[in-house]
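Read-outs: derived from the displayed coordinates by stated rules, not from any lab. Predicted model, so just to flag it, every value in this text is computed and none were measured. Every residue, glycine among them, receives a Cβ derived from its backbone with ideal geometry; neighbour counts consider all protein chains shown.
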Amino acid sequence: MDRKALAAAFPVTVPVLMGYLAIGMAFGFMLQAIGYNFIWAFFMSLTIYAGSGQYLGVSLLASAAALGTVALMTLLINFRHLVYGLSMLEKFRGMGWRKFYMIFSLTDETYALLSSAQAPVGVNPKNFYFAIALLDQSYWIIGSVIGAVAGEILPISTEGIDFAMTALFVVIAVDQWKAYRKHLPALIGGAVTIVCLLILGQIFGQQQMLIVSLAVIVVLMLALRDRLEEKEGEAC
Amino acid sequence: MLTTAGAIAAIAVMAVVTFLTRALPFLLFDRGSAPPKIVLYLGRVLPPAIIAMLIIYCLKDLSFLSVGGWVPQLVSVAAVVALHLWKHNNLLSIFGGTILYMVLVQTIFA
């Protein structure tokens, strides 16, 4: 590991340090609350490494969801990563074996840092990016383990803590609402899901309901392409 | 509760799917060819639609048959929105809303 790159990367990652320790702790705490201890928290944060994805994971584990549901829900929540990758194609080029790790560790926060941070003069940019990614994941792992251990020790009723996932989605939605000029996609997404839930939720299971909603949403987006595309422009 | 093997399988699926969603753009478009316009378009409009869908999904157990079936959820969602518009701090919004919800369901609406 390039020490100079690590030293240069650390100050850049401090905001993520604070954020990941806190959100990671909440994750570990929730995981412990549904009966999975810090060892599970450690391995989930090591192998999955996705903030919202792991919150979702807690719900999926708690409800003993079928593997198909697990795969579908994980795919949906991670969909936005597709956009991240597209804008990192250039940056990760020529990183050799480390590119694999860079892609694996491309979370919202790491993406945000990599989009904006510049390596100081004299520091190899590739080493600098790698150090940022590595530091971020270490904060996440540490936070989640601390949270799980705290959950084991503290005698606090955790009823209702699963609302953290709803709150996380609401925060993402508020940010998106402000970043996008057109709000039709969000409104369609919500409306279609409500309709599907009311009509299909009774007949089919909830997993099928989500697949149907998603399909309807994609079809509507394609149908409205002319209308949404010209006005959306670069507002995203 | 899942068996240990079942939980490990679920975590493995989450890990693999998460990695694949992150790797897909690199697998498809790293040869220098620009992504098709329709992919870029969907990549732009789908995320807000999907997040809205997931919020509704999270609130799917709302029930208007009793006050406790909807007030805690909707009040807490409103609190998250208000906090986030006010302070723009992800952590504050998420924790503030969650703690409010926990207090509501454990005390007033217990």
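Between B:A110 and A:N37, the modelled label-to-label distance comes to 2.9 nm, taking each label 7 Å out from Cα in the direction of the beta carbon. Rounded, prolate or oblate: which one fits segment A:5-90, using the alpha carbon gyration tensor with axes a ≥ b ≥ c (rounded when a/c is under 1.5, else prolate when a/b beats b/c, else oblate)? It is oblate, given that a/c is not under 1.5 and a/b is not larger than b/c. Spin-label pair A:V121-B:T3: with each label point 7 Å from Cα along the Cα-Cβ axis, the two points sit 6.3 nm from one another. In a GNM of chain A with a 10 Å cut-off on Cα contacts, which of A:L89, A:L31, A:L21 has the highest mean-square fluctuation? Judging by the Gaussian network model, the answer is A:L89. With Cα atoms defining each centre, segment A:160-187 and segment B:1-60 are spaced 17 Å apart in the structure.
If R0 equals 25 Å, the separation of the Cβ atoms of A:A64 and A:I156 corresponds to a calculated FRET efficiency of about 0.55. According to the square roots a ≥ b ≥ c of the eigenvalues of the Cα gyration tensor, what is the shape class of segment A:3-153, taking rounded for a/c under 1.5, prolate for a/b larger than b/c otherwise, and oblate for the remainder? Taking the square roots of the gyration eigenvalues as a ≥ b ≥ c, segment A:3-153 is oblate.
Looking at chain A as a GNM with Cα springs under 10 Å, which of A:K178, A:K126, A:K91 has the largest mean-square fluctuation? Highest fluctuation of the listed residues: A:K178. Where a ≥ b ≥ c are the square roots of the eigenvalues of the C-alpha gyration tensor, would you call the protein assembly as shown rounded, which needs a/c under 1.5, or, failing that, prolate if a/b is larger than b/c, or oblate? Verdict is oblate for the protein assembly as shown. Estimated at 0.36 nm per residue, the fully extended path between A:K91 and A:S138 surpasses their Cα-Cα distance by 14.7 nm. Pairs of Lys residues in chain A, spaced 8 or more positions apart or belonging to different chains, with C-alpha separations under 23 angstrom: 8 in total.
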